[in-house]
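Worksheet for the structure shown next.
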Amino acid sequence: MTSEVVIGDSSTTFSGPDAVNLYRAITLKAGLRLYGKTGIKPNRNWTSGAMLKVATEYTGKNYKRGEYLKASEDLTIWIETMKLALPTSLER
């Protein structure tokens, strides 16, 4: 199945496994930054260790406790690379 990002007037669709992983990484990055700067978890299901473990899935780097902002920065590289690799279309 091919993946793509479709940007419409009022919504953005991430279809396919790679696009869904892109969305997951973007939201994970936001959660890591929130927790790293304020100590507030993005929701009650995400523990700080779980966020770092998932970040490792994307970056291939292991993170120690407290390295939330570093993990967020490393995810940025993965996210920007994936944005360039996925086809994106505008439907307006």
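The values are calculated or read from the model by the stated rules, or taken from the named source; none is laboratory data. Because the structure is a prediction, the values reported are computed rather than measured. Methodologically, a virtual Cβ is constructed for each residue, glycine included, from the backbone with ideal geometry; neighbour enumeration extends over all protein chains shown.
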Checklist entry - Somewhere in segment 10-27, is a residue outside any helix (DSSP H, G or I) and of a type in the set (D, E, K, R)? => result no
Checklist outcome for this item: Here the residues within segment 27-45 that are in contact (Cβ under 8 Å) with a residue 12 or more places away in the chain and either crowded, with 17+ Cβ neighbours inside 10 Å or basic (Lys, Arg) (or both) are Leu28, Lys29, Gly31, Leu32, Arg33, Tyr35, Gly36, Lys37
Item to check | Odd one out for Thr56, checked against (1) surrounded by 15 or more Cβ atoms within 10 Å (Cβ to Cβ); (2) modelled with pLDDT of 95 or more | outcome: (1)
Checklist entry - Which pairs have Cβ atoms under 6 Å, sit 6 or more apart or on different chains, and link a residue in segment 62-76 that is among the aromatic types (Phe, Trp, Tyr) to one that is part of a helix (DSSP H, G or I)? => result Tyr63/Leu52; Tyr63/Ala71; Tyr68/Leu32; Tyr68/Tyr35; Tyr68/Gly36
Checklist entry - Assuming Met51 fulfils every condition listed in (1) exposed (fewer than 14 other Cβ atoms within 10 Å of the Cβ); (2) in contact with a helix residue (DSSP H, G or I) (Cβ under 9 Å, 6 or more places away or on another chain) apart from one, which condition is it? => result (1)
